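J.: Here's a structure for you.
Read-outs throughout are calculated quantities, based only on the coordinates presented, and are distinct from any laboratory measurement. Being a predicted model, the structure only gives us computed values, none of them experimental. When we count neighbours, we look across all protein chains shown, and the Cβ atoms used for this are built from the backbone with ideal geometry, even at glycine.
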Amino acid sequence: MYRILIVDGNVNFTSTLKTYLKQEPCKVVTVKNFEKVMKYLNTLDPHLILLGAKLPVLDGFYWLQKIRSRFTCPIIFISNCKNEKEQIQAIEKGADDCIIPPFNCKVIVTKIKRYLRRTYGEYILHPLERFIEIKGLIFYPERLQLQFKSKQVTLTNNERIIIELLFLQYPRTVAHNALSSAISTNGESVSENTLYKNIIRVNKKIDILGVRKAIKVVSKIGYRLDIKDND
């Protein structure tokens, strides 16, 4: 079942659109607390996002950049005007599409279905699961899993974010602030203590696989992966 997140301040519009989407095989979540948009994203890990331009707290363009820096799923931007400049800005900042008023929910649902098919479904001729491997340790981002030889462990979304950053930057060090910002829940970086607890949990899960002390502390800088050849 596809997961769709609606981030828009127009209650009537989101309610109507959600009613239309209930007829489709998908789970739809609407943001109600706009100070915790990132928490909704991390919890749901959506397949597609509908993002409004005007929001009660920070505007849609802020969240568009923030979301696109961490999520690769399709984003449909909901503009409140027919301003061409705003539409271009949305596409340039990472939106896959931009819809303008007057809104037609049937058309929007059709667009949503098209993007889901193109990204995850029948339009993909040879869908390949994404994975990253370092010295036998395999990370599956979409599964939220790590595998080493015949063993597997499941990750939380925060753990997935940490692992993905460490894998992508390997063997370089990832700074504290980069990791803290990546797992933030309200637009602000988490504390060093919270980050450290997350790192410990990830390290313990990797230990279960038989890869010992895979994440190393780099004093006053951050963390890095250090996987030995004989693991």
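J.: I want to check a number: in the stretch 132-225, how many lysine pairs have alpha carbons closer than 14 Å, given a sequence separation of 8 or more or different chains?
T.: Close lysine pairs found across the stretch 132-225: 8.
J.: Another one. Taking neighbour counts of Cβ atoms within 10 Å as a proxy for exposure, in what order, fewest first, do Met38, Met1 appear?
T.: Result, fewest neighbours first: Met1, Met38.
J.: Considering only Leu50, Trp63, Pro102, whose Cα is most displaced toward the positive end of the charge dipole of the stretch 2-120, charges sitting on Cβ of Lys, Arg (+1) and Asp, Glu (-1)?
T.: Leu50
J.: Right, next: Using the 10 angstrom Cβ neighbour count as an exposure proxy, how do Thr173, Thr19 rank, fewest first?
T.: Thr19, Thr173
J.: Across the stretch 55-61, in residue order, what do the Karplus-derived ³J(HN,Hα) couplings come to in whole Hz, using 6.51 cos²θ - 1.76 cosθ + 1.60 with θ = phi - 60° and x for Gly and Pro?
T.: Ordered by residue, 3J(HN,Hα) equals 10, x, 10, 9, 6, x, 5 Hz.
J.: For Val109 paired with Glu24, estimate the spin-label separation in nm (one decimal), with each label point 7 Å from Cα along the Cα-to-Cβ line.
T.: 0.9
J.: Of all the C-alpha pairs in the stretch 132-225, what % are more than 22 Å from each other?
T.: Taking all Cα-Cα pairs of the stretch 132-225, the fraction more than 22 Å apart is 21 percent.
J.: Run the dipole for the stretch 132-225 about the Cα centre, Lys and Arg Cβ at +1, Asp and Glu Cβ at -1, nothing else charged, and hand back the magnitude in debye, nearest 20.
T.: 480
J.: In a solvent-free Debye calculation with one equal scatterer on each Cα, what is log10 I(q)/I(0) for the stretch 8-106 at q = 0.19 Å⁻¹, listed in the order of the q values?
T.: -0.96
J.: Moving to a separate point now. Give the cross-link partners of Lys85 among the lysines, using a straight C-alpha distance below 22 Å as the criterion and excluding same-chain residues fewer than 8 apart.
T.: Lys54, Lys66, Lys93, Lys111
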